[in-house]
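This report concerns only the one structure given below.
Bear in mind these aren't lab numbers, they're just calculated from the coordinates by the rules spelled out. Given the structure is predicted, the values throughout are model-derived calculations rather than measurements. Ideal geometry is used to build each Cβ from the backbone, glycine not excepted, and the neighbour counts take in all protein chains shown.
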Amino acid sequence: MKHYRHFLIILLALGIFFAWKQLSAQLVDEQIAEKVRHATVRLITAEPKRQIKFDDGHSFPILYPRGLGSGFFVDHDQIATNIHCVAGKTKIFAKLVGTETFYDIEGVTASDPENDLVILKVASKGPKPLALGNSDAVQIGEPIAAIGSSGGGIEGEIIQGKVYNRRHSDEWFRLKAKLLPGNSGGPILSSKGVIGIAVQTASSSYGFISYAIPSNTLKELLEKADTAKPLDLEKWQQERAILAYDYHSLAQNRFKDAQNRFKEGKLDMKNTHLFFQRAIELLGKAIERYQSHKSHLLRGNVYEKLKEYQKAIDDYTECIKLKPDFAGAYHFRGVAKWKRHLYEKAIADFEEAIALIPADALSYMLMGDSKLKLKRYEEAVVDFGKAIKLIPNNAHAYYNRGTARYEWGKLEEAREKNEAAQNQYQAADQDLDEALRLIWNRTRQSLPPDKDLNEALKSDPIWPRASHNLKLVKEALERLE
């Protein structure tokens, strides 16, 4: 009976512990919400939708509020948001989430079209602003929370997620979080404070991936803000850089839309290329008005899709001239050179990209592949190893390293260094086996109920090649026994 009572006490203690843990998690959520909501806003425009006509011939516009996105106070009289939330609008209000408090927007104190950022000046004093954290200190896998006005006008909703990595094109954070269009311009929080500003979301093979502009980029813009002489919204819209941003945005949408419609089978290759050419024309207009490194980068991406690799290289080079410390431009230029089989030149660009972002697994992968094609097998093995260290479950990296070791083993065997050859074959056997294991697990976990596993594996781009190379490795090991 005593043992039974002890058992009940233990169960009760465990129940209290887990309930406390759950309550703690809820309290953290509430703390985040309370911390952020008091300074987060929903941006609204009032546009005439129809006219009421009177008997004397006069008319009066009926104004309907329309949500544009989110923003947050970075000073008592300044709100940060995305340019795309306010582009083309000349009358904007900011509504404090969860309240009926409205603020008139009287102008713009600073903007950064390259990063889709704008600082709005409010006509009256707002709440205590949010503290900006150091985005350079953010770690991959770090938990984050986004808050803003998501779909359906829901205000102050918290969306949890994690930092996935940084993308090459602009070093924005990739987030494993399903943000919605209304979240654009809202704050992204971690334990370090506001570490980013929500800007985009997209679906991918990894699920929904969202993007955030690093808070340190916002800090730089705030240093340039001129609160004494805010620029009128209408005049700001006519600045060359903002007009260029509009052309860039149109081109980006045309480019993405064409790719999506092609994947869905709604466009053939010929019409997809016509969309790409239109995007190039729009980017030309953007670059005429403002020399943006992002417009050169995007035009390089479009040229690359059209397999016009030299034109892509030229645009990436212009991008580097405008922003010499931009890792993404070096990476993409390396990719274009790699596609032109200019492997030595590609390696130089991948090295530059890695020097700027050491955790660049993709540049290590392509640099290793370039060295593999140049028969520099030992160096290739090292590069693939670094990619694996950065992304441990990377089946492609294991396949590439296994292939490089197999080729290295063949070279040693031709030199009649059978022991060295055997060592490489054995290592290749392990790598290729691991690649197949990772592909098998990944395919099995994502397999639809009505699809055959073996058929799915055959359609995988790596599985057949890894299986073939593993067979060759085992034959080589038998030969040396």
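Karplus-based coupling profile of region 247-261, in residue order and whole Hz: 5, 4, 5, 4, 5, 4, 5, 5, 5, 5, 4, 5, 5, 5, 5, with θ = phi - 60° in 6.51 cos²θ - 1.76 cosθ + 1.60 and x standing for Gly or Pro. The structure shown yields Cα Rg over 2.2 N^0.38 Å, and of the options [x] 1.24; [y] 2.24; [z] 1.19 that calculated value carries the label [z].
Highest-first packing order for the peptide set 344-355, 77-88 is 77-88, 344-355, based on the mean count of other beta carbon atoms within 10 Å.
Given contacts defined as C-alpha pairs under 8 Å and at least six residues apart, what's the relative contact order of the chain, whole-number percent?
On the way: 865 pairs, mean separation 39.8, N = 481.
Computed over the chain, the figure is 8 percent.
Between LEU480 and ALA355, what FRET efficiency follows from the Cβ-Cβ distance if R0 is 56 Å, with the result rounded to 0.05?
Details: r = 40 Å, r/R0 = 0.71.
Efficiency, rounded to the nearest 0.05: 0.90.
As a length-normalised measure over Cα pairs under 8 Å and 6 or more apart, the relative contact order of region 135-224 settles at 26 percent. Straight-line cross-link partners of LYS285 among the lysines, defined as a Cα under 16 Å from its Cα and at least 8 positions apart when in the same chain: LYS294.
Length gained on full extension, ASN418 to LEU306, computed as 0.36 nm times the residue gap minus the Cα-Cα distance: 35.7 nm. Spin-label pair LYS458-TRP440: with each label point 7 Å from Cα along the Cα-Cβ axis, the two points sit 1.8 nm from one another.
Sequentially through region 275-286, phi angles give Karplus couplings (6.51, -1.76, 1.60; θ = phi - 60°) of 4, 4, 5, 5, 4, 5, 4, 5, 5, x, 5, 4 Hz, Gly and Pro residues having no value and appearing as x. Stretching the chain fully between ALA348 and GLU223 yields a gain of 41.5 nm (0.36 nm per residue, less the alpha carbon separation). Over region 235-480, Cα pairs under 8 Å with separation of 6+ residues give a relative contact order of 10 percent. Annotation: amide H of TYR164 within the under-5 Å range of GLY141, ARG174, LEU175, LYS176, sequence separation 5 or more or interchain, hydrogens built in the peptide plane.
Scalar couplings 3J(HN,Hα) for region 444-449, obtained by applying the Karplus form with A = 6.51, B = -1.76, C = 1.60 to θ = phi - 60°, are 5, 5, 9, 6, x, x Hz; x denotes Gly and Pro. Residues whose amide H lies under 5 Å from that of LEU117, counting only those 5 or more places away or on a different chain, are ILE83, ASP112; hydrogens are built 1.01 Å from N in the peptide plane. Dipole check for region 348-470: with +1 at the C-beta of Lys and Arg, -1 at the C-beta of Asp and Glu, and the Cα centre as origin, the magnitude is about 140 Debye. Taking amide H as placed 1.01 Å from N in the peptide plane, GLY107 has its amide H under 5 Å from the amide H of LYS121, each at least 5 places away in sequence or on another chain. Cross-linked pairs LYS192/LYS386; LYS178/LYS386; LYS91/LYS128; LYS307/LYS339; LYS345/LYS375; LYS266/LYS311: Cα-Cα separations exceed 20 Å for LYS192/LYS386; LYS178/LYS386; LYS91/LYS128; LYS266/LYS311.
Each of the peptides 473-481, 375-383 was scored by the mean count of other Cβ atoms within 10 Å over its residues; in descending order, highest first, they stand as 375-383, 473-481.
Averaging the Cα positions of each part gives two centres, and for region 315-394 and region 214-249 these lie 34 Å apart.
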